[in-house]
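Enquirer: Can you read through this structure? Questions will come right after.
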Amino acid sequence: MKVYADNAATTALSSAAKTAMLPYFDSIYGNPSSLHSFGQEAARALSSARDTIAKHLNADAREIIFTSGGSEADNQAIISAAMLGAKKGKKHIISTKIEHHAVLHTLDRLKKQGFEIELLEVYSDGIVHPKDLEKAIRSDTALVTVMYANNEIGTIQPIAELGGICRERNVIFHTDAVQAAGHIPIDVKAENIDLLTISAHKFHGPKGVGALFCRRGITLTNLIDGGAQERGKRAGTENVPGIVGMAAAFEEACTNIEANAARVSAMRDRLIEGLLEIPESILNGHREKRLPGNVNLCFKGIEGESMLLLLDSMGIAASSGSACTSGSLDPSHVLLAIGLPHEIAHGSLRLSLSEYNTEEEMDYILTAVPQVVARLREMSPVWKKMQEAK
Amino acid sequence: MMYSEKVMDHFMNPRNVGEIEDADGIGEVGNARCGDIMRIYIKVDNGIITDVKFKTFGCGSAIASSSMATEMIKGKPIEEALALTNKAVAEALDGLPPVKMHCSVLAEEAVKAAVKDYFDKKGIAYDPKEFPDCESCGYCEIDKCG
Ligand SMILES: Cc1ncc(COP(=O)(O)O)c(C=O)c1O
């Protein structure tokens, strides 16, 4: 049996998205900036895609900028808010310790340019406390950026509350909603969001395409200069097939959002309950405030990469926050931020589900993972010592 | 896959996993913080390593390196075990990815730590310089291990 349980890394393209895209690889090839009928046909597709994305975020179509993906949108949102702040002498930025590297590394760059970066605690359940944000905001705070939901441990942040605080204190609020979009409902108006990032390939759209919502009144800084595409804020002939595919995937995901979330979270809960029966296992992240598809556990006494290799040999695709999978010797910054010691963080396993997964696949995972854990513990000197210490 | 077929074979079917109850030497190296711990047990008879077993906590290449290292010293004179290098272990595995070279270093160190333990237990004199300590390999520096 082959089971794809790494949907937080990327998802399969939906057939609706694929069908919607195909003509744009073929007969509809005009440049949307061209005046002629070929170009205008492509321009209409872009415009309709923009409407679709905006509708499901409760935004205005003019507030949507298409980008090459989540990373670019995160970069542009943060750099733009920083530039706006710097003009008024505001160089303090608040974020969290568990952001994606697209955010954290952009903040690192700004730090080198003289910005002061403050990262909020997320505590053991991985949730930001709004009170901490209230305390952290200063008169020179240029931006607050807090991810909507975490890609590793799936925790969903109290975005509406955080957005409300920022609006009240007149600070720009960005949220990286790459993992949330298409999986849980988002309303940029009700949640007082100024800037928001989405990425198509996390909701069964194509890779290499994303969008940035930018509330009217906030001026973006270009990362790419050139032509006047995207209201002059992102140059380059648009990825028309990608954008059309993203819109089709988003439409499908948002239309079915409740039914999908119910079905996927039922599978998630089965996995969490079943896998927590393995001795010395820990659930990472908040039990309820959690993405429908996210399962993340640590199994003490073993290391994550070896777990992934054995699972892969049984046909199961998963992920881990172990150092060995990150290319360094440090385990995931997210697992360390929720207070896990290094040795336990090395033994993490993330299974991320989508509506394409089935109950039979959950049965298979529930038989495979305990076998893999037992096999690795059998050869682990750490596990032996833990047993002896008892 | 980033690993060679040999590495995958030794990971999926590790040789000499286990413990030796009345081992003549036991060597343990690495730390859980960095994500790899190896423990090697040897049985020595007349200067020959007659049996060897290992237990490893770590990634695929750590388990494969332990397995290969035990195969390379089994049935060999102590001197040959002392001459084992991490490069030889990595080569026998048809190479390791650069970020995983420290796993072969750990395997070399674990073998040597087991021999040192055997010398200590038997009161056999040796030159301490022959036994590298964890700091001397340098790979941790490269990988910025805490
Ligand atoms: C939370 C989060 N932000 C940003 C990104 C980057 O998105 P993209 O791969 O589209 O650049 C990802 C995906 O890896 C993510 O999970």
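Enquirer: Among the listed residues A:ILE156, A:ILE186, which satisfies the condition of being out of contact with any strand residue (DSSP E or B) (no Cβ under 6 Å at 6 or more places or on another chain), away from chain B (no Cβ under 14 Å), within 16 Å of the ligand (Cβ to nearest atom) and among the hydrophobic types (A, V, I, L, M, F, W, C)?
Expert: It is A:ILE186.
Enquirer: (1) crowded, with 24+ Cβ neighbours inside 10 Å; (2) among the hydrophobic types (A, V, I, L, M, F, W, C); (3) within 14 Å of chain B (Cβ to nearest Cβ); (4) in a helix (DSSP H, G or I): which one isn't true of A:LEU336, the others all being true?
Expert: A:LEU336 satisfies every listed condition except (1).
Enquirer: Applying the selection to region B:82-97, what residues are surrounded by fewer than 18 Cβ atoms within 10 Å (Cβ to Cβ) and of a type outside the set (A, V, I, L, M, F, W, C)?
Expert: B:THR85, B:LYS87, B:GLU91, B:ASP94, B:GLY95, B:PRO97 - these are the residues of region B:82-97 that are surrounded by fewer than 18 Cβ atoms within 10 Å (Cβ to Cβ) and of a type outside the set (A, V, I, L, M, F, W, C).
Enquirer: Output the residues belonging to region B:20-29 that are within 14 Å of chain A (Cβ to nearest Cβ) and open to solvent by 30 Å² or more (accessible area, probe 1.4 Å).
Expert: Answer for region B:20-29, where residues must be within 14 Å of chain A (Cβ to nearest Cβ) and open to solvent by 30 Å² or more (accessible area, probe 1.4 Å): B:GLU21, B:ILE26, B:GLU28.
Enquirer: State all residues of region A:366-385 that are away from chain B (no Cβ under 14 Å) and touching a Lys or Arg at 6+ places or on another chain (Cβ under 9 Å); if no residue qualifies, say none.
Expert: A:LEU366 - this is the single residue of region A:366-385 that is away from chain B (no Cβ under 14 Å) and touching a Lys or Arg at 6+ places or on another chain (Cβ under 9 Å).
Enquirer: Could you say which residue among A:ASP132, A:ASP125 is away from the ligand (no atom under 16 Å from the Cβ) and assigned to a loop (DSSP other than H, G, I, E, B)?
Expert: On inspection, the qualifying residue turns out to be A:ASP125.
Enquirer: Take region A:343-357 and flag every residue that is open to solvent by 30 Å² or more (accessible area, probe 1.4 Å) and free of Cβ contacts under 8 Å to residues at least 60 places away in the same chain.
Expert: Matches in region A:343-357: A:GLU343 only.
Enquirer: In the set A:GLU303, A:GLU343, A:GLU251, A:GLU280, which member is of a type in the set (Asp, Glu) and away from every other protein chain (no Cβ under 14 Å)?
Expert: Step by step, each of A:GLU303, A:GLU343, A:GLU251, A:GLU280 is checked, and only A:GLU251 is of a type in the set (Asp, Glu) and away from every other protein chain (no Cβ under 14 Å).
Enquirer: A:LEU291 versus (1) at pLDDT below 95; (2) of a type in the set (A, V, I, L, M, F, W, C); (3) in contact with a His (Cβ under 8 Å, 6 or more places away or on another chain): which is the lone unmet condition?
Expert: (1)
Enquirer: From the residues in region A:50-77 that are within 20 Å of the chain's Cα centre (by Cα), small (Gly, Ala, Ser) and more than 16 Å from the ligand (Cβ to nearest atom), which one is least open to solvent (accessible area, probe 1.4 Å)?
Expert: Step by step, filter region A:50-77, then rank; the result is A:ALA54.
Enquirer: Quickly run through region B:30-81 and pick out the residues that are part of a helix (DSSP H, G or I), open to solvent by 10 Å² or more (accessible area, probe 1.4 Å) and without any contact (Cβ under 8 Å) to a residue 40 or more places away in the chain.
Expert: Passing the criteria: B:MET72, B:GLU79, B:GLU80.
Enquirer: Among the residues of region A:135-153, write down those that are in contact with a His (Cβ under 8 Å, 6 or more places away or on another chain) and away from the ligand (no atom under 16 Å from the Cβ).
Expert: Answer for region A:135-153, where residues must be in contact with a His (Cβ under 8 Å, 6 or more places away or on another chain) and away from the ligand (no atom under 16 Å from the Cβ): A:ARG138, A:ASP140, A:THR141, A:ALA142, A:LEU143, A:VAL144.
Enquirer: Under the condition of being of a type in the set (Phe, Trp, Tyr) and assigned to a helix (DSSP H, G or I), which residue from region A:339-387 is nearest to B:ASP36 (Cα to Cα)?
Expert: Among those residues, the one meeting the criterion is A:TRP383.
Enquirer: Collect the residues in region A:361-370 that are open to solvent by 10 Å² or more (accessible area, probe 1.4 Å) and touching a residue at least 24 places away in the same chain (Cβ under 8 Å), keeping them in residue-number order.
Expert: If the condition is that a residue be open to solvent by 10 Å² or more (accessible area, probe 1.4 Å) and touching a residue at least 24 places away in the same chain (Cβ under 8 Å), then A:GLU361, A:TYR364, A:LEU366, A:PRO370 are the ones that fit.
Enquirer: Give the residue, chosen from B:VAL44, B:VAL99, B:VAL52, B:VAL89, that is out of contact with any Phe, Trp or Tyr (no Cβ under 6 Å at 6 or more places or on another chain), of a type outside the set (Asp, Glu) and within 24 Å of B:LYS121 (Cα to Cα).
Expert: Answer to the check: B:VAL52.
Enquirer: Suppose we filter region B:1-13 for residues that are open to solvent by 30 Å² or more (accessible area, probe 1.4 Å) and within 9 Å of chain A (Cβ to nearest Cβ); how many remain?
Expert: Selection size over region B:1-13: 3.
Condition check ((1) more than 20 Å from the chain's Cα centre (by Cα); (2) of a type outside the set (Gly, Ala, Ser)) across all residues:
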| site | (1), (2) |
| --- | --- |
| A:PRO279 | yes, yes |
| A:LEU283 | no, yes |
| A:GLU288 | no, yes |
| A:ASN357 | no, yes |
| A:SER380 | yes, no |
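Enquirer: Check off (1) out of contact with any Leu (no Cβ under 8 Å at 6 or more places or on another chain); (2) surrounded by 23 or more Cβ atoms within 10 Å (Cβ to Cβ) for A:GLY164 and give me the number that stays unchecked.
Expert: Answer for A:GLY164: the failing condition is (2).
Enquirer: I'm told A:SER80 meets every condition in (1) among the polar types (S, T, N, Q); (2) open to solvent by less than 10 Å² (accessible area, probe 1.4 Å); (3) within 17 Å of the chain's Cα centre (by Cα) except one. Can you identify the failing condition by its number?
Expert: Every condition holds for A:SER80 apart from (3).
Enquirer: Let me ask something additional. Looking at region A:197-216, can you tell me whether even one residue there is away from the ligand (no atom under 16 Å from the Cβ), among the small types (Gly, Ala, Ser) and either free of Cβ contacts under 8 Å to residues at least 60 places away in the same chain or open to solvent by 30 Å² or more (accessible area, probe 1.4 Å) (or both)?
Expert: Within region A:197-216 (the criterion being away from the ligand (no atom under 16 Å from the Cβ), among the small types (Gly, Ala, Ser) and either free of Cβ contacts under 8 Å to residues at least 60 places away in the same chain or open to solvent by 30 Å² or more (accessible area, probe 1.4 Å) (or both)), the answer is no, since none of the residues qualifies.
Enquirer: OK, next. Hey, can you tell me all the residues within region B:98-115 that are in contact (Cβ under 8 Å) with a residue 60 or more places away in the chain and among the β-branched types (Val, Ile, Thr)?
Expert: Answer for region B:98-115, where residues must be in contact (Cβ under 8 Å) with a residue 60 or more places away in the chain and among the β-branched types (Val, Ile, Thr): B:VAL111, B:VAL115.
Enquirer: Give the residues of region A:1-33 that are within 16 Å of the ligand (Cβ to nearest atom) and more than 30 Å from A:LEU309 (Cα to Cα), sorted by residue number.
Expert: Across region A:1-33, the qualifying residue is only A:ALA17.
Enquirer: Of the conditions (1) surrounded by 21 or more Cβ atoms within 10 Å (Cβ to Cβ); (2) small (Gly, Ala, Ser); (3) away from the ligand (no atom under 16 Å from the Cβ); (4) not in a helix (DSSP H, G or I), A:SER95 satisfies every one except a single condition; which number is it?
Expert: Looking at each condition in turn, A:SER95 falls short on (3).
The values are calculated or read from the model by the stated rules, or taken from the named source; none is laboratory data. Small disclaimer: the values here were computed from a predicted structure and weren't measured. Neighbour counts are summed over all protein chains in view; Cβ atoms, including those assigned to glycine, are modelled from backbone coordinates with ideal geometry. Please note that ligands, DNA and RNA were not included when accessible areas were found on the heavy atoms of the full protein model with its side chains. Shrake-Rupley method; radii C 1.70, N 1.55, O 1.52, S 1.80 Å.
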